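Following: one structure in structure tokens, then a few remarks.
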Amino acid sequence: MNRDTVTILALTTLWTLVVAAIGAAILWQFRRRSLRTAMIVAALVPMAAALAAVLQSVRAMFISAHDSLVVLWTLAFSALLGVALSVLIGHWITTGSRDVGRRLRQLGTSYDAPAAASTGTVPAELAALTDELEMTRMRLAASREREHALEDSRRELVAFMSHDLRTPLAGLRAVSEGLEDGVIDDVPVALRQMRATVDRMTGLVDDLFELSRLSSAPAPRRRAAVSLRELADDVAGESGEHARVSGVRLVVSTPADDDRLAVQGDPDELTRAVTNLVDNAIRHTKPEETVTLSVDRSADGDVSLAVTDACGGIPAEDLERVFDVGWRGDAGRTPTDGGAGLGLAIARGIVESHDGTIAVSNVPGGCTFQIELPAARP
């Protein structure tokens, strides 16, 4: 390597370092400015370093004036191209950053979908961040809807409970005043009426306590193997009188084999859940119709229990609200025909506490409530 080449390399290195230091100082001054400005400076600094090195070479007579002019024009056009590309890329990044910032500001305050951003020209990283923010917004919107639905259910529950408790309390007051004033002749009948009213109110309060216990996510109770086949027979026996009085046929359907269809759970809780479903089906089935309680093993090995009634079906818009606290298909129902609207909510809480699922669907002439529970391990 001759002396001139060494000198050119040394001067080029020196001017590159000098211009780099100046560029770094400029970038530091513009560190809080727009990203577009920083990118333009970053694109111009290498061009400025090359220009300084060429001018120094011209002054030292290492290259001719003609050659230096060609190099300078080449650098000028390269600088213009670099600036144009920097402006374009900076515009893309700035647009994407502003969209991300707008979504962040709206996150948690606005649940409406924002205007679609120009994600086609936004860098992949900002586009991925925008998509993640949109998914977060959708999750927050869904959570807000669930919160509003829960609040509506609570309001309905308070309204229904106020009605369900006010009516029997008014009856108790009237009967007690009649007994006190001596205007009731058949005292035993009045006392039986009062006891029936107190029992109904006690049932409402017990439902509230049970729902509160299930909602507070308590420690699981002692679990044991429970045969849903035997449980279905027991529930059918206990609800048989209710079905007979209502003029409804109650039928139990189980497989022909000797499979006990066992699950792991609390027998009292599971019995209450199934009883709630059966009583609900009997209550809404017309006389001379049939309520079917069927138990079987599903294809994946879980145990399935279904209660099919002849209620005429549930409106499609109400299917998602059937298990909500306090929901009733008819707001005018009284405690004698609809309770406090807690039976299905309690059934869902019990099933979900046993790692199972519960769903409702319409079938010809009625609907089916189906429970899926994990089978008990041997």
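Could you tell me which numbered condition residue 122 fails, if it satisfies all but one of (1) in contact with a Phe, Trp or Tyr (Cβ under 9 Å, 6 or more places away or on another chain); (2) assigned to a helix (DSSP H, G or I); (3) modelled with pLDDT under 70?
All conditions are met except number (2).
Hey, can you tell me all the residues within the range 306-332 that are within 16 Å of residue 277 (Cβ to Cβ) and at pLDDT 85 or above?
306, 307, 308, 309, 310, 311, 314, listed by residue number.
Out of curiosity, is residue 178 more than 30 Å from residue 343 (Cβ to Cβ), surrounded by 13 or more Cβ atoms within 10 Å (Cβ to Cβ) and at pLDDT 80 or above? Outline the logic, then answer.
Details: more than 30 Å from residue 343 (Cβ to Cβ): yes; surrounded by 13 or more Cβ atoms within 10 Å (Cβ to Cβ): yes; at pLDDT 80 or above: yes.
Yes; evaluated as a whole, the condition is true for this residue.
Report yes if residue 17 is out of contact with any strand residue (DSSP E or B) (no Cβ under 8 Å at 6 or more places or on another chain) and in contact (Cβ under 8 Å) with a residue 24 or more places away in the chain, otherwise no.
Working: out of contact with any strand residue (DSSP E or B) (no Cβ under 8 Å at 6 or more places or on another chain): yes; in contact (Cβ under 8 Å) with a residue 24 or more places away in the chain: no.
Judged against the criteria, residue 17 is not a match.
Return yes or no: is residue 254 within 38 Å of the chain's Cα centre (by Cα), more than 24 Å from residue 313 (Cβ to Cβ), surrounded by fewer than 21 Cβ atoms within 10 Å (Cβ to Cβ) and of a type in the set (Val, Ile, Thr)?
yes
Which residue out of 155, 166, 244, 229 is among the charged types (D, E, K, R), exposed (fewer than 15 other Cβ atoms within 10 Å of the Cβ) and either assigned to a loop (DSSP other than H, G, I, E, B) or modelled with pLDDT of 85 or more (or both)? Reasoning before the result, please.
Numbers: 155 fails: either assigned to a loop (DSSP other than H, G, I, E, B) or modelled with pLDDT of 85 or more (or both); 166 fails: either assigned to a loop (DSSP other than H, G, I, E, B) or modelled with pLDDT of 85 or more (or both); 229 fails: exposed (fewer than 15 other Cβ atoms within 10 Å of the Cβ).
Just a single option satisfies the conditions, and that option is 244.
Only one of 113, 117 is surrounded by 17 or more Cβ atoms within 10 Å (Cβ to Cβ), at pLDDT below 70, assigned by TED's automatic domain parsing to the domain that holds residue 37 and more than 30 Å from residue 5 (Cα to Cα). Can you tell me which?
Exactly one residue qualifies, and that residue is 117.
Do we find that residue 359 is modelled with pLDDT of 70 or more and farther than 15 Å from residue 270 by Cβ in this structure?
Yes, satisfied.
The values are calculated or read from the model by the stated rules, or taken from the named source; none is laboratory data. Note that this is a predicted model, so its numbers are computed, not measured. Note: ideal-geometry Cβ built from the backbone for every residue, glycine included; neighbour counts use all protein chains shown.
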